[in-house]
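A short write-up of the structure that comes next.
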Amino acid sequence: STLNESTLVGEADTALYEAKRLGRNSSVVYSSLDLRYADNLVRAMRLIRDPAHVEEGFASVAAQLGVEPPALGDRRGCSELFAQAVATGLAWSAADPTLTTTFISVLPPSVERLARLDEMALRLPFSLAVTRLRAQDYIAAKQFAEAVNEMRRGIAIAPAYLPMRQELETLCEQLIIHDPANAERWHNERAESARQRELLASIVNYRNRSR
């Protein structure tokens, strides 16, 4: 069998910790070649998350790292390769916080991923991508109020960008189901967001009405 979501979370968590322990956050001058390698590695790792392309993904990741790909039935080998790819990708992308964020987005939502994104939030304080990812991680940790607050932060960053408000509304719809104890709160949050979005729809630039 291949790696499941929980296993990927565990391996990503281990690799994130190891990358931090080894001091990969320190200021180092990385070449443009490192950034290109990181970009290619992101593409390869996305395939691993796609059930239809898992084997292709591991083969591509192994090729990027210059190692032999493990057999798909070799869970330990696949896990070790995934962990190695995470640590290596963080090192290669360290000079470019936007690319690091893209790389982190490949990893499953988790508390450990959130810790890494906290650093990205400091480096990219106006990034909607970081905001979205942090909201996902709060949901994974069942910190629903924090997830909503994070989406509100995204709206504060770009108040005229209506898709961010739509995403908040979608999140609230999910929370009504998954957090029934606070269903009324999330219903009201969604209604208020929709009301504001409708008021803005006629005055914002058409480019800000959809992605």
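What to note about this one:
- Subtracting the Cα-Cα distance of LEU200 and GLN174 from their residue separation scaled by 0.36 nm leaves 7.0 nm.
- Restricting the range 108-172 to trypsin sites (Lys or Arg not before Pro) that sit in a DSSP loop and have at most 12 other Cβ atoms within 10 Å of their own Cβ leaves LYS142.
- Distance between the modelled labels on SER210 and HIS53, one decimal in nanometres: 2.5 nm (7 Å Cα→Cβ projection).
- For the range 110-128 and the range 130-196, distance of Cα centres in Å: 17 Å
- Just so you know, the averaged projected area of the alpha carbon convex hull for the range 66-211 sits at 11.0 nm².
- Applying 1/(1 + (r/R0)^6) with r as the Cβ-Cβ distance of ARG36 and GLU80 and R0 = 25 angstrom yields a FRET efficiency of 0.55.
- When the residues ILE176, ILE203 are ordered by accessible surface, computed with a 1.4 Å probe over the protein chains alone, the sequence from largest down reads ILE203, ILE176.
- Of all accessible heavy-atom area on the range 120-211, the percent that carbon and sulfur account for (1.4 Å): 54 percent
- Zero-based 10 Å bins, Cα pair distances in the range 96-151, whole percents: 28, 60, 12, 0
- The range 62-138: Cα Rg divided by the 2.2 N^0.38 Å rule of thumb: 1.22
- Using the Cβ of ALA59 as centre and a radius below 14 Å, the other residues enclosed give a net charge of -3, where K and R count +1 and D and E count -1.
- The tail of the calculated P(r) for the range 119-198 beyond 15 Å holds 52 percent of all Cα-Cα pairs.
- Checking every one of the chymotrypsin sites (Phe, Trp or Tyr not before Pro) in the range 103-193 against DSSP loop status and a limit of 16 other Cβ atoms within 10 Å picks out PHE126.
The values are calculated or read from the model by the stated rules, or taken from the named source; none is laboratory data. From a predicted model like this one, the values you see are computed outputs, not experimental measurements. Here the Cβ is made from the backbone with ideal geometry for all residues, glycine too, and neighbour counts use every protein chain on show. Side chains are part of the model used for accessible areas, which takes the heavy atoms of the whole protein and leaves out ligands, DNA and RNA. Shrake-Rupley method; radii C 1.70, N 1.55, O 1.52, S 1.80 Å.
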